[in-house]
Every structure is written in C-alpha cells, then in structure tokens.
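Read the structure below first, then the notes.
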Amino acid sequence: MKRVLLIACIFIMISTFLVFHASAFAADEDTYDYTISNSKRYPIPKAYTYVRTIELIDNDIGSFDAVDDLFIDNKGRLYIADTGNNRIIISDLYGNNGFVVEEADGIPFSEPRGIFVDSEGAIFVADTGNSRIAHLNEQGQFVESFGTPKSELLGKDFIYSPSKVAVTDTGYIYSIKQQVLMRMDANNEFKGYVGSTKIPFSLTYLFIRLFASDEQLNKIRDPDPPSYNNFVLAPDGFIYAVSSDRADGAIKKLNSVGNNIYPVKSFGEAYNGLPSSFIDLTVSKQGIITVVDSTSGKIYQYDQNADLLAVFGGHGNKNGSFAYPKCIAEDDDGNMYIYDGTLNKIQVLAPTHFISLVHDALHTYSYGNYDAAEKCWREVLKISETYKLAYRGLGSWAYKMQDYEEAMRLYRIEDNKDGYSKAFTKNLYRLANQHFLIVVIALIAVLILAFVSVKLLSRLSRYCEKVFLARRETK
C-alpha cells in the first residue's frame, strides 16, 4: 500500500512539473521572440506587439479577398491590391475614409496583383489579367496605360503579364518577368532585363548529364532558374527583391545595372524539413529589411550587413501570429501591416522599445554617430544581455575608438572570430608602435642571443667530436 502511494505521489509530482514547464514555455513564447547566432537560437524580448486588425474598409466598401499587395505612401495612405475583388482600395492607416478604384480607361481591373505610389502621389497598378500597367492620378483617375513593351527583342511569342510594379524617379518602370526584372521607360519601350537569378547546383542533375544517352539528353529539359516572388523600390533608391535563389541569395539588393550587392548567405531556417520561402518584403528608411516566410509563417528582419535582428510571428491563431502571412508594408513610424491570406485580414504590429533601440543603434552608426550608437547598444544589453548583435555593435564602436583590447573582449563574447582577429592585429601593431624602442632592443637582444647560442653550440659540437675521437683512438 505504501509503495502504491509513493508511486502515485511521484506521478503527481512529475505531472505537475510537466504542466508547469509547458505553461511556462507557452508563456515564454508569448513573451519572447528570438534571433540566431552561430546556428543557435537566442531568446530576445518581443520585437513587435499587436496593435489592431483591419478586416473591413468602411461599411460600404466591405472586406477584401485574396489581397496580393500592400503599399503605404509618404502621406500615410494605405493601398490594397484587392485581387480577388478586382479592385484597388485606398484608405487611411486604420481602414477608414476609404474609396475604391475598379477600372482604368473604361476597362475593369482583372486580377490586379501589384501597386506602387511615387512621391508625387501617382498610382501605378499591375493589372495582371489585362496585361498592362495602369497609371492613375492621386484621386484614382486614369492617366495612361503601359501594355506590352515595344521591342523587336521580345519576339512574337512574348507574353506580358506584370504581377508587381515599381517606378523610379528617372521614369523607369520595373515589373517581374519570372527569373528577371523587366525594365521599361516612360515611352513604354523595353530597356532590358536586370537581376537574373541563378540555377542552383544539383549533383543529381550533373550525374544525369554525365551518364545519359544522347537520346535521353534530348528529352531532358534544362532546369529553370528560380523566379522572383516580389520586389520593392526602397527609400535608398535600390531595388530589393526576394526569390528562392539559393545560389545568389534569397534576398537581393540590386544596383542600377542589376548586380546583387547584398551579402550572399543562407537566410531563414528550416521548418518541418522545408527551407524558408520568402514571398514579400519591406525596407524601412533606416535600411532595415523585413521579409515574410510563407513556410513557417514567421517574419525575419535583417540589417544592411545581412545580420539577423529578430524573428517574430509564426503560425498560430493569436494576435501577432498568422495562418498564412502573404503581404507586408511598413509606415513611417515603423509599424508593420501584414496581410494573412487565410484569415483574410491585415494585422498591424508596432515596434517595441527594444527593437527600436536596435534600429537606432544601426542607423546612427551608419551615419558615423558612434557615441550615440554605443549608448543605444548599452541600453539594448540592459534589456537583453544575450543579444549577440549588441556585442558586435559595441565591438565595432570600440574598434572605431581604437580601444582594441575592449573590442577583442566584446568580439570574444559574441564569438566573432573575424572581428577578434582584426582587433587583435591592430592591438599588436599598436603595442609595437608604443614600445618601439623596447621592441627593437628586444629583437637585437634575441638576435645576439641566437648568434651566441649558435657559436657556443658549434664549439660544444666540435669539443664533443674531439673527445669522441680521442676515446676511440685510446681504445
């Protein structure tokens, strides 16, 4: 009987512990986001918090369906490519005071999948089903239309179906054409492709090409490069794009000639054995890149060095989580507007004090205000001592201040071998300069000691040789 009671008590204790641990873990998930350093996850304070949901644009406009793009202009207006309803919705950032544009030049929109608004308020709609880009004024009235571009290079079989659109200050119009971005001028003339993606290496395909017969090779179709999923024209004037391109990076920053100048690395992480699939992105005025991962339902945020700042969101039915995040836009206050394709609503998330400090630290440092950046990073560490990027930021600050020993200490905490090596080399060079006379004297002393040692060893060797020969003759 005592043994049964003992077993029952142990079982109750274990069950209580597991329930408590599970509830604590769930609470942690609600309280913390995370970042990744050296392939390890580190919990961080919440980067963004839920603010509100936009499901209805006024009563007479109603809800939206299968939204494919979001855009926020410099006047704080929200533009929604309401693809399923074949219309563009324009409202304030709360979903109020809205109006609808359903046609351009008397032609109803057909599956409009992209929208862009320039600094003057001109609206450009990627009217995919009608194979055109419609240019509207600020009130949504028709201005002009861009159909299939003029060029003999495109060929008769060319199919034009723009899904996204952006227009530069110089008048170039960009849209997605599968593996490349297509460029046109204001006269609707084709000006070439930029930013072509690369075919990732496949060992299987290599073996097939090596051992297949000529007949089999003729039937084998070469793999197509991965297509672009989305792109934006950022405030810094560069085009940022996302694709499933593993060879040249899933996130790209394209310069004027279409070359990727963003660091090439592995972005995101595996989820249930599947790699991340970035389907949309937004870039802030501070240069912070926020991308949507359709695989995990998470939002990944990177800086200009491709360092991961935070991971938040994820699959779930609570505010701040998503069933299927599809589109993202950011306002001037740093609030994220994320459309959930399954729940058919837009969630608005506001940056916390923690992530705002991180953004400010990166921004002030990039403009050469190193002291302000140092203060921000120290505030970050007061909130989260495990935030590795703060140690890198402080290490960079110490390096700029030529405090190489402190930089070495901070880089060591972050486990940043490159930074530590660079600071170590500078510190060694500085010590050599500071103690130049002592170093020279020490080097001379070492050389003299080496010379004397060689001489003594030579004499000792000859002496040992004479003794050995003398003993040999005696015998």
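Here A166 meets the list (1) at pLDDT below 95; (2) in a strand (DSSP E or B) almost entirely, failing just condition (1). Within the set G258, G316, G273, G334, the sole residue that is at pLDDT below 95, within 22 Å of I115 (Cα to Cα) and not polar (S, T, N, Q) turns out to be G258.
Counting only strands (runs of 3 or more DSSP E) that sit completely within the range 287-371, those holding 1 or more residues that are touching a Pro at 6+ places or on another chain (Cβ under 8 Å) correspond to 289-293, 298-302, 308-313, 336-340. Among the candidates G155, G140, G84, G121, the residue that is in a loop (DSSP other than H, G, I, E, B) and under 19 Å from D60 (Cα atoms) is uniquely G140.
Residue-wise test of (1) in a loop (DSSP other than H, G, I, E, B); (2) without any contact (Cβ under 8 Å) to a residue 24 or more places away in the chain.
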residue	(1), (2)
V242	no, no
D245	yes, no
K252	no, no
S256	yes, yes
G268	yes, no
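Number of residues in the range 176-210 that are open to solvent by less than 70 Å² (accessible area, probe 1.4 Å), over 21 Å from the mean Cα position of the chain (by Cα) and at pLDDT 85 or above equals 9.
For the range 406-424, what are the residues that are of a type in the set (G, A, S), open to solvent by 20 Å² or more (accessible area, probe 1.4 Å) and in contact with a helix residue (DSSP H, G or I) (Cβ under 8 Å, 6 or more places away or on another chain)? Lay out the reasoning, then the answer.
Residues of the range 406-424 that are of a type in the set (G, A, S), as a first pass: 407, 419, 421, 423.
With open to solvent by 20 Å² or more (accessible area, probe 1.4 Å) added as a condition, the list becomes 421.
Listed by number, the list is empty, since nothing qualifies.
Among the residues of the range 102-116, which ones are part of a strand (DSSP E or B) and either of a type in the set (D, E, K, R) or open to solvent by 10 Å² or more (accessible area, probe 1.4 Å) (or both)? Across the range 102-116, the qualifying residues are E103, I107, P108, R113, F116. Against the test of being surrounded by 13 or more Cβ atoms within 10 Å (Cβ to Cβ), within 24 Å of N187 (Cβ to Cβ), in contact with a helix residue (DSSP H, G or I) (Cβ under 9 Å, 6 or more places away or on another chain) and not aromatic (F, W, Y), the options S151, S91, S131, S163 yield a single qualifying residue, S163. The residue that is nearest to I123 (Cα to Cα), counting only those in the range 34-81 that are of a type in the set (G, A, S) and assigned to a loop (DSSP other than H, G, I, E, B), is G76.
The values are calculated or read from the model by the stated rules, or taken from the named source; none is laboratory data. Small disclaimer: the values here were computed from a predicted structure and weren't measured. Cβ: placed from backbone, ideal geometry, glycine included. Neighbour counts: every protein chain shown. With ligands, DNA and RNA removed, areas are computed over all heavy atoms of the protein, side chains included. Shrake-Rupley method; radii C 1.70, N 1.55, O 1.52, S 1.80 Å.
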